[in-house]
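These notes concern the structure reproduced below.
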Amino acid sequence: MAIVYLNGAFLPEAQALIPANDRGFIFGDGIYEVVRILEGQVFAWDGHAARMTQGLAGIRIEAFGAADVAALHDVCTRLVRENDLATGEATVYLQVSRGAATRTHHFPPAGTPATVYAAAQRFTPNFAMRDQGAKGITMPDIRWARCDLKTVNLLGPVLARQAAKEQDAYEAILHRDGMVTEGAATNAFAVIDGVLRTHPLTHHILPGITRAILMELVRELGIPCEERPVSLPELPGAAELFVCGTTTDVQPIVTLDGKPIGTGAPGPITVRLKEAFAKRLYGRA
Ligand code: PDD
């Protein structure tokens, strides 16, 4: 049975019990992260830790600060070892909620400890889908106005991903006020008139760690790129479209709502970035 981490203890999953009045369960009152593990090492930990710390501060979970987040690094590596995942690829899910307390909308009494949970699992990238490209659909972005915080409230993405699945698509590309924001669980990029474009970092998107690495690679490779939203009318005419994320890497989207994007095959800028990112991830081409 899997060994998980709960509030300082490493224990079999079946013994990891959370009180039913935990605010993560009742209100979705918590922050999470998903990190990628390669050969027992956490990929891009500093970025994930910084985002988690900012997210916790953003929703005012003061019982779990930057030093507590930093200590989760060793929780990840130990979980990987305890679950025989130290070779090959894995992911670790981390969640911090505002803790268990009598239900009140306002915060629980000062001193209520946060609930801290982490679990590791095997991860096998779908290289064939990354090479061939995947289907996408478009969906209205019905999420709240602080999508920059990685909260465990995921109903918008859950409903969008289910709609995608029902249409045999990998991802739902979300739009708000006529502008593409991001994917349900990914950031989105499109090539329009030879320029790579992605939504700027505002409250309407998650500041993706993969997105940040791609922005570095774009500069290194000299690919013209603008942080400017793509409008919904522009999207079908994009020459290339891809989404990115911790478990997605760079995933070309080759059809959208049943119509081909560009030639209907992954485009040259997408492929260059996909290869450059794979090199960063695996340390080789
Ligand atoms: N999702 N945008 C949203 C809404 C996301 O949920 C994610 C990540 C991303 C990509 O961020 P990053 O590159 O840091 O993974 C963008 C994670 C993997 C998830 O919910 O499982």
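Overview of results
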read-out	value
Any hit, region 105-124, residues being open to solvent by 20 Å² or more (accessible area, probe 1.4 Å) and closer than 29 Å to PRO268 by Cβ	yes
Some residue of region 79-102 being open to solvent by less than 60 Å² (accessible area, probe 1.4 Å), assigned to a helix (DSSP H, G or I) and closer than 28 Å to ALA2 by Cα	yes
Options THR210, THR202: the member that is within 15 Å of the ligand (Cβ to nearest atom), of a type in the set (Val, Ile, Thr), touching a strand residue (DSSP E or B) at 6+ places or on another chain (Cβ under 8 Å) and assigned by TED's automatic domain parsing to the domain that holds ILE173	THR210
Out of GLU234, GLU226, GLU220, GLU216, sole residue that is in the same structural domain as LEU149 (by TED's automatic domain parsing) and either under 22 Å from LYS135 (Cβ atoms) or surrounded by 14 or more Cβ atoms within 10 Å (Cβ to Cβ) (or both)	GLU234
Failed item, numbered, when ARG272 is tested on (1) part of a helix (DSSP H, G or I); (2) without any contact (Cβ under 8 Å) to a residue 60 or more places away in the chain; (3) within 16 Å of the ligand (Cβ to nearest atom); (4) not β-branched (Val, Ile, Thr)	(3)
Subset of region 87-110 (residues that are small (Gly, Ala, Ser) and without any contact (Cβ under 8 Å) to a residue 24 or more places away in the chain)	ALA110
Residue match in region 178-189 (condition: farther than 30 Å from ARG23 by Cβ and not in a strand (DSSP E or B))	yes
Extreme residue, nearest to the chain's Cα centre (by Cα), among residues of region 229-252 that are within 14 Å of the ligand (Cβ to nearest atom) and in a strand (DSSP E or B)	GLY245
Scope region 145-191; condition near the ligand (Cβ under 10 Å from one of its atoms), more than 13 Å from the chain's Cα centre (by Cα) and either open to solvent by less than 10 Å² (accessible area, probe 1.4 Å) or at positive phi (or both); matching residues	ALA160, LEU174, THR181
When residues of region 55-67 are limited to those that are in a helix (DSSP H, G or I) and without any contact (Cβ under 8 Å) to a residue 12 or more places away in the chain, the one farthest from the chain's Cα centre (by Cα)	ALA67
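The values are calculated or read from the model by the stated rules, or taken from the named source; none is laboratory data. In this text, all values refer to a predicted model and were calculated from it rather than measured experimentally. Don't worry about glycine lacking a Cβ; one is built from the backbone with ideal geometry, like all the others, and counts go over all protein chains shown. Remember, those area values only see protein heavy atoms, side chains included, never the ligands or the DNA or RNA. Shrake-Rupley method; radii C 1.70, N 1.55, O 1.52, S 1.80 Å.
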